[in-house]
Amino acid sequence: MLPALLVVTVLSAVCALAFGSEMLPVSTVVDVVHSRFGGPPVTRSELAIVWGIRAPRVLLGLAVGAGLAVAGAVVQTLVRNALADPHLLGVSSGASVGATAVITTGLFAGAGVWALSFGAMIGALGAAILVFTIATLQGGITPLRLVLTGTVTASALSAIASFLVLRTNDSQAAQSVLFWLLGSLAGASWDKLWAPVIVVFLLTAAVFALHGWLDALAAGPDVAASLGIPIRTLRNVLFGVLAALVGTMVAVSGAIAFVGLVIPHVTRMIVGARHRVVLPAAALIGASFLVWVDVVARTSLRPTEIPLSVVTGVIGAPLFLLLLGRRRYRFGGSS
């Protein structure tokens, strides 16, 4: 299954390079990619479209989709809740406050093109520290405490972001905030690409190294403790990894809904519940899914782009419900 998913992901990335305001044959896309690695030269316009504009966007979509799917799988195991998604931790709402402040007040204007991502990352880091501190002072990270603390903190931070939008007199800034909050890959570039790719790769590898402990934690804290697993330490490490992963994804693409909630469940329906298979499979499925969502978002109403969260909900929800109705599925002891 994993090699098949890898082939699908690669083919999805190549085909997505052909879609845009100007449709290109897949053969042209292959020629452009080949030319970048020592092949015969192509026209300057084809090189600019495929390699300069679309390739960074597709690669960013792969990284964000994979990162959100892995984060969703881990957070659902951490809190043992089928409704959990990466935005549960409050990190996304913190990033929203930072990004909104940048757009509406000009904060971090000296950072240039990095201002929005920098502000979102600062907000995400602050939210993660706040949630971790509150949970620790109340007795440590437990599933219920993390859910309640993250949800309440997210609500408070979302209110702050809404206040910043209401106090601005710039209607264009308010529209930019709304578009960013619903997710977009429009800001992708080669300069901004490597940080999220490296973060997703390293943190996914780190989580994968703990796949046995995650299997035990999914069976319940009593089972994990009986196997000698340091539960408190594991939960703290997972929270830190999730905060860094989600914060990075939100900083470069906005708060994309649905992917982190549903893709892990779809993956478990297909490959089972063992994390050594779930994590890489979820990464590949999430990457492919978000790439095609972005294709729909940028081509269905050309030249206007649709926010990604709109497309993920419209396309993904019916597909998930159809799959759920055709397969038996268990999570956390319930079916």
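Brief remarks on what is shown
- Paramagnetic reach from Leu301 (point 7 Å along Cα→Cβ, amide N under 17 Å) across the range 244-272: 257
- From its DSSP helices (H runs of at least four residues, each -39,500 (n - 2.57)), the chain gives a residue-normalised ellipticity at 222 nm of -23000 deg cm²/dmol.
- Kirkwood Rh, angstrom, the range 139-195 [1 / mean 1/r, Cα pairs]: 14.3
- Solvent-accessible surface of protein heavy atoms, probed at 1.4 angstrom with all chains present, puts Met121, Met249 in the order Met121, Met249, largest first.
- Taking every C-alpha pair closer than 8 Å and separated by at least 6 residues, the mean separation divided by the residue count of the chain gives a relative contact order of 29 percent.
- Inter-label distance, Asp170 to Leu83: 3.7 nm, where each label sits 7 Å from its Cα along the C-beta direction.
- Dimensions in Å of the chain - Rg and Dmax from alpha carbons: 20.1, 64
- Among residues other than Val296 with Cβ under 15 Å from its Cβ, the summed charge is +2 (Lys and Arg +1, Asp and Glu -1).
- Three principal axis lengths of the range 99-172 [C-alpha, angstrom, descending]: 42, 24, 15
- Rg/Rh (Cα only; Kirkwood hydrodynamic radius) as it applies to the range 220-277: 1.06
- For the pair Leu178 and Asp191, the difference between a 0.36 nm per residue extended length and the Cα-Cα distance amounts to 2.2 nm.
- Residue among Ile122, Leu68, Leu107 farthest towards the positive dipole end of the range 1-140, charges placed on Cβ: Ile122
- Note on the chain: with neighbouring protein chains present and a 1.4 Å probe, carbon and sulfur make up 69 percent of its accessible heavy-atom surface.
- Isotropic mean projected area of the C-alpha convex hull, the range 1-144 (nm²): 13.0
- Taking every Cα-Cα distance in the range 256-335 and sorting them into 5 Å bins from zero, the calculated P(r) comes out as 3, 15, 23, 23, 17, 10, 5, 3, 1, 0 percent.
- Accessible surface area normalised per residue over the chain is 46 Å², counting heavy atoms of protein chains with a 1.4 Å rolling probe.
- Tail beyond 13 Å, pair distance distribution of the range 166-226 (Cα, percent): 76
- Mean Kyte hydropathy of 1.6 or more with a Cα span along the axis of at least 18 Å, helices from DSSP in the chain: 2-16, 55-79, 115-137, 143-166, 190-208
- A cut-off under 12 angstrom between Cβ atoms defines the neighbours of Phe132, and their net charge, with Lys, Arg +1 and Asp, Glu -1, is +2.
- Asp31 accessible area, 1.4 Å probe, all protein chains in place, Å² to nearest 10: 80
- The magnitude of the dipole of the chain, with charges of +1 and -1 set on the Cβ of Lys/Arg and Asp/Glu and taken from the Cα centre, is near 680 debye.
The values are calculated or read from the model by the stated rules, or taken from the named source; none is laboratory data. Since the structure is predicted, the reported quantities are computational estimates derived from the model, not experimental observations. Cβ sites come from the backbone with ideal geometry, for glycine too, and all protein chains shown count toward neighbours. For the accessible areas, the whole protein counts, side chains as well, though only heavy atoms, and no ligand, DNA or RNA atoms are used. Shrake-Rupley method; radii C 1.70, N 1.55, O 1.52, S 1.80 Å.
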